[in-house]
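What follows is a short report on a single structure.
Every read-out reported here was derived from the displayed coordinates using simple, explicitly stated rules and does not represent laboratory data. Model, not experiment: these values are computed from the prediction.
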């Protein structure tokens with residue numbers, strides 16, 4: 001096996017920020033909602049729950065990772081998935097959890 005280069009500290013920090021984006025259930029719920037198409041903040045508040053301020057904060061975190069984009073239409077702002085690879089990453093975790101759960105009780109996780 002070939003030697004792999006080690007990532008420098010700055011690169012590791014960038015990777016950590018991406019993983020941090022997945023560390024909040026509200027952000028995962030937002031991604032789940034955006035999977036079916038663009039939404040405004042108000043719609044996300046209704047569907048996900050929580051305050052508008054908190055949803056806006058979580059949207060900002062997701063936007064900073066490049067997973068979602070913000071588009072202004074008139075006086076409304078809509079959010080949508082900008083990088084569909086976000087679901088590949090979620091599927092890796094869900095697959096792991098599903099395998100573990102199936103070994104124990106037959107439960108399946110899915111985002």
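Based on Cα contacts under 8 Å between residues 6+ apart, the chain shows a relative contact order of 20 percent.
Rounded to the nearest 10 degrees, the inclination of helix 25-34 to the longest alpha-carbon principal axis of the chain is 70 degrees.
Comparing Cα centroids, the range 52-111 and the range 19-47 end up 6 angstrom apart.
Over all orientations, the chain has a Cα convex hull whose mean projected area works out to 9.8 square nanometres.
Counting only Cα atoms, the range 42-87 measures 27, 25, 16 Å along its principal axes, largest extent leading. When the helices in the chain are scored as -39500 (n - 2.57) per DSSP H run of 4 or longer and the sum is shared across all residues, what 222 nm value do you end up with, to the nearest 500 deg cm²/dmol? Rounded to the nearest 500, the figure is -18500 deg cm²/dmol.
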